[in-house]
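Structure record follows, encoded as structure tokens.
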């Protein structure tokens, strides 16, 4: 982006932040309430934009817009709860009072896989606290950003500049991180992105929020209801084509039910409906890019070279499309492979057996990423009604 244009955007954001912070917090909350109502009115349209651009299936797209609406509702309540402390003082007839002040301009860098919801988390909360926001969406979801901005413009009146969008890639992300006029940067993306941006913000002693990769695991115990468990595993591993930081990547199955579980997973993965995300019948859409497909194939080829069993993972020809549709991959490992310890943004599920639950927990936790954990078991009935 041209530096002159960039500075104009920053100046507009600073100017509106000065006006916005003088509005009482409950009134700021009212703007967010109206914004949520506008999102409700445009829910179907916004979901179609997500499906068209980010290639998420229809139900996921609708769910994402609902998440943005829910965040508006949450922030409205928060606008009346911006409490400060009142503390006693050593002096007679005197007290100490804690007051919270807006930061000013907040920077928000978002990824393609949740092109609206993640922005809503950041914007709704920062707005009720009295801040403006500079938003750099993923290059894969600029139209989604414009859709959200349009909804805000329709209810915000003189405060339409509260959201400023900067389109671009790494260069623009670095500009935001370097800029001392931006008090806080909230960035969502890969762990590598975080490693690159964090030192830039830290060098100017700026505030930073990072939401990065995950490497999540599930443990299946002998008592698990496999009919229910298999559905949960498939949804977690294959939803959004495995392109979520909360996607299931690693599965540890007790040895007594390992063969049965793998057989059921193979059948379930085979029955998943992979197709155009705008079709009601589709359960899985394409990967976002050729780069994502190549990363997936590189990992699978590395595993095959070590004679690890890989089931699925190949590219599918769907309706003569040039997009990168893939069959989800089951990788049956006997030992912990290096590939398991990093996040691949694709539908790859590593499956390993265990004997003792302590070993499963140890393997689950033995990753550098912050894992989301699942345990599938059937609890005994302890009472009846």
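Descriptive notes on the structure:
- Test: residue in region 165-174 that is in contact (Cβ under 8 Å) with a residue 24 or more places away in the chain, farther than 26 Å from residue 49 by Cα and in contact with a helix residue (DSSP H, G or I) (Cβ under 9 Å, 6 or more places away or on another chain): yes
- One residue alone among 115, 92, 102 is part of a loop (DSSP other than H, G, I, E, B) and without any contact (Cβ under 8 Å) to a residue 24 or more places away in the chain, and that residue is 92.
- Scanning region 182-195 for residues that are touching a residue at least 12 places away in the same chain (Cβ under 8 Å), in a helix (DSSP H, G or I) and surrounded by fewer than 16 Cβ atoms within 10 Å (Cβ to Cβ) yields a count of 0.
- Residues considered: 57, 10. Of these, the only one that is surrounded by 15 or more Cβ atoms within 10 Å (Cβ to Cβ), modelled with pLDDT of 95 or more and closer than 30 Å to residue 179 by Cα is 10.
- Selection status of residue 241, under 30 Å from residue 269 (Cα atoms), under 20 Å from the mean Cα position of the chain (by Cα) and not assigned by TED's automatic domain parsing to the domain that holds residue 135: yes
- Considering each residue of region 316-329 in turn, none proves to be surrounded by fewer than 15 Cβ atoms within 10 Å (Cβ to Cβ), farther than 20 Å from residue 235 by Cα and at pLDDT 95 or above.
- Condition check for residue 158: modelled with pLDDT of 95 or more, surrounded by fewer than 20 Cβ atoms within 10 Å (Cβ to Cβ) and not in a loop (DSSP other than H, G, I, E, B): yes
Residue-wise test of (1) surrounded by 14 or more Cβ atoms within 10 Å (Cβ to Cβ); (2) within 20 Å of residue 57 (Cβ to Cβ).
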residue	(1), (2)
244	yes, yes
247	yes, yes
250	yes, no
264	yes, no
270	no, yes
277	yes, yes
282	yes, yes
285	yes, yes
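- Selection count where residues are in contact with a helix residue (DSSP H, G or I) (Cβ under 9 Å, 6 or more places away or on another chain) and more than 27 Å from residue 192 (Cα to Cα), scope region 309-331: 3
- Selection count, region 349-367, where residues are within 17 Å of residue 337 (Cβ to Cβ) and surrounded by 15 or more Cβ atoms within 10 Å (Cβ to Cβ): 10
- Which listed residue is modelled with pLDDT under 95, buried (at least 16 other Cβ atoms within 10 Å of the Cβ) and farther than 30 Å from residue 256 by Cα, from 213, 206: 213
- Any hit, region 132-144, residues being surrounded by fewer than 16 Cβ atoms within 10 Å (Cβ to Cβ), assigned by TED's automatic domain parsing to the domain that holds residue 11, more than 20 Å from the chain's Cα centre (by Cα) and in a helix (DSSP H, G or I): no
- Condition met for residue 40 (at pLDDT 95 or above, in the same structural domain as residue 172 (by TED's automatic domain parsing), over 30 Å from residue 11 (Cα atoms) and surrounded by fewer than 23 Cβ atoms within 10 Å (Cβ to Cβ)): yes
The values are calculated or read from the model by the stated rules, or taken from the named source; none is laboratory data. All figures in this text were calculated on a predicted structure; none of them were measured in a lab. Neighbour counts run over all protein chains shown; Cβ positions are idealised from the backbone, glycine included.
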